[in-house]
Amino acid sequence: FAQRGNWFVAPSIEYRALNLPLVAVGVTVAQYRLTTYGGAFKIGRDIGDRLQLSASLVRSRARADLKVGLPEFAELDSEDVGGVEAGILWDSLDNVRFPRHGMRTEIAYTTFDTSLGSDQDGDLLRVSFDKAYSFGRNTVMLGGRASMSTDETGALQTLATLGGLTFLSGLSERELIGTQMLFFRGIY
């Protein structure tokens, strides 16, 4: 909206259900079914055709149910998160699937607050980047991901995962789970 159409509003609702393995010494000892539902109300502005700034009000609830494993691996209670998120996105990649030139960088900072429905207060910073370089018929893409929490938010929705195609391909999908994550990759 606005005279030039460079402002936007993006309300969203989300439902996700995925399996999370609990791995110890390379062996899956349990598996949880993580169910998340929630929504966000985002307002933002496109600056040119490559830069986007946004602010969001976010709210979600998650529950992890034990699907495979011994009863000692207890069910996890539902967790609520609610907060405000600020984001910046720069995207100059020439192709979404197989870029040959350009860069995509996204930074999102979220602060969770009990007054907005969160079970705990906390902060979360997520950063991702990908840069494509081409020489002749060859292309290399360098990238990285980081997820950092300044305190013990510990909510299931704020956990970072690694494993699966292009995110440590030798591991099963989402095999590594944690509150802090730093990951670099190179793709040829």
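Using a 1.4 Å probe on the protein chains only, how many percent of the accessible area of the chain belongs to carbon and sulfur? Numbers along the way, then the final one.
On the way: 6770 of 11670 Å².
Using a 1.4 Å probe with all protein chains present, the chain comes out at 58 percent carbon and sulfur.
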Exercise. Which GluC sites (Glu not before Pro) does region 63-133 hold that lie in a coil by DSSP with at most 14 other beta carbons within 10 Å?
Worked result: Glu72, Glu75
For this session: Tell me which residues come under 5 Å, amide H to amide H, from His101 once H is placed; ignore anything under 5 positions away on its chain.
Result: Asp94, Asn95
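Assign unit charges at the C-beta atoms only (+1 for Lys and Arg, -1 for Asp and Glu), then state the dipole size of the chain relative to its Cα centre in Debye, rounded to the nearest 20. Could you put the intermediate results ahead of the total?
Working: 19 positive and 22 negative charges, 214 e Å.
Around 1020 debye, computed over the chain.
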Problem set entry | Whole-Å distance, taken between Cα centres, linking region 3-66 and region 102-140 | 12 Å
Seminar exercise, completed: Out of His101, Leu66, Tyr37 - ranked by how far each Cα lies towards the positive end of the dipole of the chain, with unit charges on the beta-carbon of charged residues - the top one is His101
Problem set entry | Cβ charges +1 (Lys, Arg) and -1 (Asp, Glu), total dipole of region 78-134, debye | 620 debye
Exercise. Under unit Cβ charges (Lys, Arg +1; Asp, Glu -1), what dipole magnitude, rounded to 20 debye, does region 1-86 have relative to its Cα centre?
Worked result: 380 debye
For this session: Would you mind telling me which residue in Thr36, Thr150, Thr161 has the biggest mean-square fluctuation in a Gaussian network model of the chain, where springs connect alpha carbons within a distance under 10 angstrom?
Result: Thr150
Seminar exercise, completed: When the charge dipole of the chain is computed with +1 on Lys and Arg Cβ and -1 on Asp and Glu Cβ about the Cα centre, the Cα farthest towards its positive end, among Gly117, Met181, Asn6, belongs to Asn6
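Once you list every other residue whose beta carbon is under 9 Å from the beta carbon of Arg145, what net charge do they have if Lys and Arg are +1 and Asp and Glu are -1?
After counting each charged neighbour, the total is +2.
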For this session: Find how much the distance from Asp65 to Arg50 grows on full extension, using 0.36 nm per residue of separation minus their present alpha carbon separation; answer in nm with one decimal.
Result: 1.3 nm
Exercise. From the list (i) 31, 25, 13; (ii) 30, 17, 16; (iii) 24, 18, 15, can you say which value of semi-axes √(5λ) of the Cα gyration tensor in Å was derived from the structure given?
Worked result: (i)
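The values are calculated or read from the model by the stated rules, or taken from the named source; none is laboratory data. None of the values given here were measured: they were computed from a predicted structure. All Cβ positions, glycine included, derive from the backbone under ideal geometry; neighbour counts span all protein chains shown. Each accessible area value is taken on the protein alone, full model and side chains, heavy atoms only, with ligands, DNA and RNA left out. Shrake-Rupley method; radii C 1.70, N 1.55, O 1.52, S 1.80 Å.
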